[in-house]
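The values are calculated or read from the model by the stated rules, or taken from the named source; none is laboratory data. Because the structure is predicted, anything quoted here is derived from the model rather than measured. Methodologically, a virtual Cβ is constructed for each residue, glycine included, from the backbone with ideal geometry; neighbour enumeration extends over all protein chains shown.
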Amino acid sequence: MDTLISNVTVVTMNERMDVLFGGHVGVKDGKIVHIAKVPPKEAPAEIIDGTGMVLMPGLINCHTHLATSALRSYCDELGISQALELQLQKEAKMDSRIAKAAATIAAAECLRFGTTSVSDLYYYPDATAEVIAESGMKANLALSSYRFIDAVEEFDFAKDEQCAELRRVVGKWHGHDNGRIKIDAGIWAEYTSNHKLWEGLAAYAGEQGLGFQLHLSQTKDEAESCEDRTGLSQTELLSCHNVLTVPVTAAGCNTLSEMDRKILGKRRASAVVTPLADAKQGRPCASITDCVKDGMNVALGTDGCIEAGNLDMFEVMRAAAMSVRAAKNDPAALPAGAALMMATVCGARAQGRADECGMIKEGMDADLVLVDFSAPHLMPCHNVPNALVFSAKGGDVAMTMVRGRKLYVNGQFPTLDLGTAVRELMEYAMPKLFEEPAK
Ligand SMILES: [Zn+2]
């Protein structure tokens, strides 16, 4: 046995939602091999004393844009279209060197806050994939393809540059390190693309066994604009063009109708709810309970640093539970266990990783997070799931492990060169993005 985490409170997130007090969790070759009240007979190479700690499955952030951390706090008071305009101006100055530095800082933030796997929708796939490969964390990376609505006639999947880039990235990165990195197909949104692109991407994703990431119905304006243009909702339109034939991860879902949710639910699509980013950006929040009722898998995401401010999934779990309770005027409307489930089990399902992570269970990957429960704001603890969702913060994470490898431990990031990334961000990225050239 490589590592034993001893005398720890284990929030398993298994089918029975077992919480084990004074538990011992053993890890060998990256997998969980022992969960019991008693230590294993075999001596471990390393013992981590879990006294006063809670061990939980790694959190899964199903919607973010890691490299946009370079623009954190830049346009926080603007509406979605003004912010997007400013963002596009800055993105025009971005390059893969900036993306790599920014993605490194965002990956460190994820690990610091107990996130072990992310779904990322952006550009610069090599830069982000290199960071994920180095960091040791897991990711489903989608290249955000776009093709504006009026360019339908010119489109040919076989010749299109972005589609060729996707094929190259799939060849290079899909399945990297025994599936630690997966590549998904992706579009930014319905309003940045057209049906030929959707059909081409969906057919390719089906052939290759890829998922499909997009933003869907985040605002009322985009939903109404689609209906005015086509007579169909965005979900109906995308469904007509085969997008829902592959596993879809749809971020937002804030303004879906019952009909939309039922179409998506029938296809077992995943809604990624981003309650903090929605509230910050002045968008309505998705109805989590309606999405579940209509058959969707509901996972959680931060969105990017521009929209969310930070990548702390503890805050997102808390906001998700609160948004439902406030909307329903009912403090029991969404229990803490359900918020934890969305951030673990349902996240793994959305990423096509339900067999490998999301629970603390023998045979699963050792994607584990130790939370220090000795801080004043976590005392006393009458109910562990409640304390994790409503009292704990990302900053309480003491250790983050993926496949048995410690990627964050007590202020240290053993796999990431954070010093170089910070220097790159300050000395290269900031001047390039924000300094006006001398006239
Ligand atoms: Zn987003």
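At a glance:
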read-out: Any chance Y191 is farther than 28 Å from D29 by Cβ and at pLDDT below 95; value: yes
read-out: Which listed residue is under 19 Å from L370 (Cβ atoms) and surrounded by fewer than 20 Cβ atoms within 10 Å (Cβ to Cβ), from P57, P39; value: P39
read-out: Residues that are among the polar types (S, T, N, Q) and out of contact with any Lys or Arg (no Cβ under 9 Å at 6 or more places or on another chain), drawn from the stretch 209-230; value: Q213, S217, S225, T230
read-out: Near pairs, Cβ below 6 angstrom, 6+ apart or cross-chain, from the stretch 333-357 (of a type in the set (D, E, K, R)) to any residue that is at pLDDT 95 or above; value: R349/N297; E356/D365
read-out: Conditions (1) more than 18 Å from V324 (Cα to Cα); (2) in contact with an Asp or Glu (Cβ under 9 Å, 6 or more places away or on another chain): number failed by A269; value: (2)
read-out: Test: residue in the stretch 140-162 that is surrounded by fewer than 17 Cβ atoms within 10 Å (Cβ to Cβ) and modelled with pLDDT of 95 or more; value: no
read-out: Check on L232, more than 16 Å from the ligand (Cβ to nearest atom), exposed (fewer than 15 other Cβ atoms within 10 Å of the Cβ) and either of a type in the set (A, V, I, L, M) or free of Cβ contacts under 8 Å to residues at least 12 places away in the same chain (or both); value: yes
read-out: Residue in the stretch 89-106 that is free of Cβ contacts under 8 Å to residues at least 12 places away in the same chain and surrounded by fewer than 17 Cβ atoms within 10 Å (Cβ to Cβ) present; value: yes
read-out: Candidates L214, L210, filtered to the one that is under 20 Å from the mean Cα position of the chain (by Cα), within 16 Å of the ligand (Cβ to nearest atom) and buried (at least 21 other Cβ atoms within 10 Å of the Cβ); value: L214
